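In what follows, a single structure is set out as structure tokens and then discussed.
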Number of protein chains: 2
Amino acid sequence: MISIVVLGFGNVGKHLSLALEQSDAAILKQVYNRSEITLPSQLDHIELIDDLNDLAEADICIIALPDDVIQDFSGKLPEQDRLVVHTSGSAPIDALKDHSRRAVFYPLQTFSAEREVNFRSVPICIEANNAQDETLLFMLAESISEKVTVINSAARRKLHLAAVFVNNFTNHFYHIADELVRENDLDFDLLKPLILETANKINTLSPAEAQTGPARRGDKNTIENHLHLLSEGPYRELYEKLTASILETYGKKL
Amino acid sequence: MISIVVLGFGNVGKHLSLALEQSDAAILKQVYNRSEITLPSQLDHIELIDDLNDLAEADICIIALPDDVIQDFSGKLPEQDRLVVHTSGSAPIDALKDHSRRAVFYPLQTFSAEREVNFRSVPICIEANNAQDETLLFMLAESISEKVTVINSAARRKLHLAAVFVNNFTNHFYHIADELVRENDLDFDLLKPLILETANKINTLSPAEAQTGPARRGDKNTIENHLHLLSEGPYRELYEKLTASILETYGKKL
């Protein structure tokens, strides 16, 4: 059994701890969080600490903290012969350079406190600075997910950038649509089937094949109508830039 | 039974015809298409015409053609005492002004030729220029969908604009992500669970609650890294504009 301590109990730390608790290959020994928290009932038998001096010995320490604190925080961990891992998509493995055995365990998914996640379908991208630890981490990742890939820091950064487009930016468009319909006393629920189908389509079509709409068709009238509706509001420029990018991608002119 | 002719057999015409063929309230009498087509096997008993002189009498003519040809095309339909309907989100009802009984039947979904659609979950937005036809159209819509709403032309245009954001623009971000990962020999499949979860989240969280990422956190380092990765490529400006819009929405500064 691989013994593990999870450090940081934000959204990633929480969902990862819940998944590790279910793993046949791992034993979750401790959760560390700086501020006071309550562990969910599935984890109420796990030791919870808020002082790094109380850190238990474990095969792997997983730091599930924001990118900008990983390096400083990892420097505070007492040096021992154990693997220290972070979970960030954008921080390089060398953010853990204070530790001779270091690695990354990046679950490529969006986590929210109140939403359950099926970790088995979450791609986990791993990287380690030696072959033995890569094998160890691969075993651990495979015990909670069906989709484990070895990806180095440079490629992982690109993947994280792509994830910003498909998650953060896409979700912001949902928000803009929500505003647009609410301003007109329409129900955002009307758009939900379209949002789901847009995402589901990529299971059978490439995004380029799935692209439709006025910009894809080069439909100048509809585009002008939409720009008029957006008048001088905050989203007109985004509409213009996205439209220009789609026109450019598909070789259309207005 | 409400007798219907569908004019135009593109993606909307095709999927709508398939749904109407299953309806207990409607009988699909004819399909018109200007160019030669083959009807799918479920419709092989339906009369297919390519000449408007052969148009059968029917209670409703549904024009499922691109926005920019609706008005001209509808002018060519012989005037009879029947309801003439278009399926566009952005064209006003008065695109059919040559007909005394006119209406709109807008299925708010994205349709692709090769992808089956469950019409029961597709919101249908209807509008008619008299109360009797509104009732008739409502009955028809309810026979194929569980989500029927009466929405006027002005509100429908806004809804269609919102749909462009959540479908066309979102799908373009999928395409950009696809390009970014392929450039780095990574597999777009890695992003699919994230894409699906991003869409599914809005069933339990508002888009504003679901928003995460470097711009939401005001994480300057990660944003700068991403801009560096995009260097002078075609997507840097989109990244900047989206980031600025998210920062603005959530009152963050870099």
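Read the figures in this text as sums done on the coordinates, not as results from a lab. Note that the structure is predicted; figures quoted are calculated from it, not measured. For neighbour counting, all protein chains shown are included, and Cβ atoms are generated from backbone atoms with ideal geometry for every residue, glycine included.
What percent does the relative contact order of segment A:156-249 come to when contacts are Cα pairs within less than 8 Å and at least six residues apart? Spell out each step's value before the answer.
Details: 23 pairs, mean separation 17.3, N = 94.
Relative contact order, segment A:156-249: 18 percent.
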Which of B:131, B:199, B:155 fluctuates most in a GNM of chain B (C-alpha springs under 10 Å)? That residue is B:199
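Among the listed pairs A:14/B:241; A:97/B:252; A:241/B:158, which have their C-alpha atoms separated by more than 23 angstrom in this model? Kindly include the intermediate steps, with their values, before the conclusion.
Details: A:14/B:241 32 Å; A:97/B:252 31 Å; A:241/B:158 19 Å.
A:14/B:241; A:97/B:252, as the Cα separations exceed 23 Å there.
First check a/c for segment B:114-184, with a ≥ b ≥ c the square roots of the eigenvalues of its C-alpha gyration tensor; if it is under 1.5, answer rounded, and if not, answer prolate when a/b is larger than b/c or oblate otherwise.
Numbers: a/c = 5.38, a/b = 2.21, b/c = 2.44.
Oblate.
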Can you tell me the 0 to 90 degree angle between the C-alpha axis of helix B:131-142 and the longest principal axis of chain B, rounded to 10? 60 degrees
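Would you mind counting up the charge near residue B:92? Only other residues with Cβ under 11 Å from its Cβ, with Lys and Arg at +1 and Asp and Glu at -1.
Details: positive: B:97, B:102, B:156, B:157; negative: B:67, B:94, B:127.
Within the 11 Å Cβ shell, the charges total +1.
Using unit Cβ charges (K, R positive; D, E negative) and no other charged atoms, how large, in debye to the nearest 20, is the dipole of chain B about its Cα centre?
1100 debye
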In whole percent, what relative contact order does segment B:2-151 give with Cα contacts below 8 Å and a gap of six or more residues? 21 percent
Nearest 10 degrees is fine. How inclined is helix A:170-183 to the longest principal axis of chain A, computing both from alpha carbons? 50 degrees
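Given only helices, namely DSSP H runs of n ≥ 4 each adding -39500 (n - 2.57), what is the per-residue ellipticity at 222 nm of chain B, to the nearest 500 deg cm²/dmol? Show your work: numbers first, answer last.
Working: 10 runs with 101 residues, N = 254.
So the helix-based figure for chain B works out to -11500 deg cm²/dmol.
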For the pair residue A:209 and residue B:42, the simple spin-label estimate (label points 7 Å beyond Cα toward Cβ) gives in nm 2.0 nm
Can you return the aspartates and glutamates within cross-link range of residue A:220? Criterion is Cα-Cα under 15 Å, with same-chain partners fewer than 8 residues away left out. A:240, A:248, B:67, B:68
Return the single residue from B:136, B:65, B:205 with maximal mean-square fluctuation; model: Gaussian network over chain B, springs between Cα atoms under 10 Å. B:205
How far is helix B:236-249 tilted off the main Cα axis of chain B, in degrees rounded to 10, range 0 to 90? 90 degrees
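Considering only segment A:2-151, what is the antiparallel percent among its DSSP beta bridges, to the nearest 5? It would help to have the intermediate numbers written out before the result.
Details: 5 of 28 bridges.
Taking every DSSP beta bridge within segment A:2-151, about 20 percent pair in antiparallel fashion.
Where a ≥ b ≥ c are the square roots of the eigenvalues of the C-alpha gyration tensor, would you call segment B:2-151 rounded, which needs a/c under 1.5, or, failing that, prolate if a/b is larger than b/c, or oblate?
On the way: a/c = 1.35, a/b = 1.04, b/c = 1.30.
Here segment B:2-151 falls in the rounded category.
Kirkwood-based Rg over Rh for segment B:156-249 (C-alpha set), two decimals? Please list the in-between numbers first.
Numbers: Rg = 14.5 Å, Rh = 14.9 Å.
Value, to two decimals: 0.97.
Nearest 5 is fine: what % of DSSP beta bridges in segment A:97-215 come out antiparallel, could you say?
If we restrict to bridges inside segment A:97-215, about 60 percent are antiparallel.
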Relative contact order for chain A, counting Cα pairs under 8 Å that sit 6 or more residues apart, in percent: 13 percent
One decimal, nm, nearest first: from residue B:116 to the same residue in each other copy, label points 7 Å out along Cα→Cβ, the values are 2.7
Around residue A:45, with a cut-off of 14 angstrom between Cβ atoms, what is the net charge of the other residues, counting Lys and Arg +1 and Asp and Glu -1? -2
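Please compute the length gained on full extension between residue B:154 and residue B:79, using 0.36 nm multiplied by the number of residues separating them and subtracting their Cα-Cα distance. It would help to have the intermediate numbers written out before the result.
Details: separation 75, 0.36 × 75 = 27.00 nm, distance 2.64 nm.
Between residue B:154 and residue B:79, full extension yields 24.4 nm more.
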Please report, for residue A:130, the nm distances (one decimal) from its label point, 7 Å out from Cα along the beta-carbon direction, to the equivalent points in the remaining copies, shortest first. 8.6
Which one of B:165, A:229, A:205 is farthest out on the positive end of the charge dipole of the protein assembly as shown, using unit charges on Cβ (Lys, Arg +1; Asp, Glu -1) and the Cα centre as origin? A:229
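Antiparallel versus total DSSP beta bridges in the protein assembly as shown: what percent is that, nearest 5? Display every interim value, and only then the final one.
Values: 10 of 56 bridges.
Bridges in the protein assembly as shown that DSSP calls antiparallel: roughly 20 percent.
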Under a Gaussian network model of chain B whose springs join Cα atoms within less than 10 Å, the largest fluctuation of B:81, B:44, B:219 belongs to B:219
Provide the net charge surrounding residue B:137, with neighbours chosen by a C-beta distance below 12 Å and charges set as Lys +1, Arg +1, Asp -1, Glu -1. -3
Placing a label point 7 Å from Cα toward Cβ, how far apart in nm is residue B:240 from its equivalents in the other copies, listed shortest first to one decimal? 1.4
Mind checking which chain A residue has its Cβ closest to the axis relating A to B, and how many whole Å off it is? A:199, 2
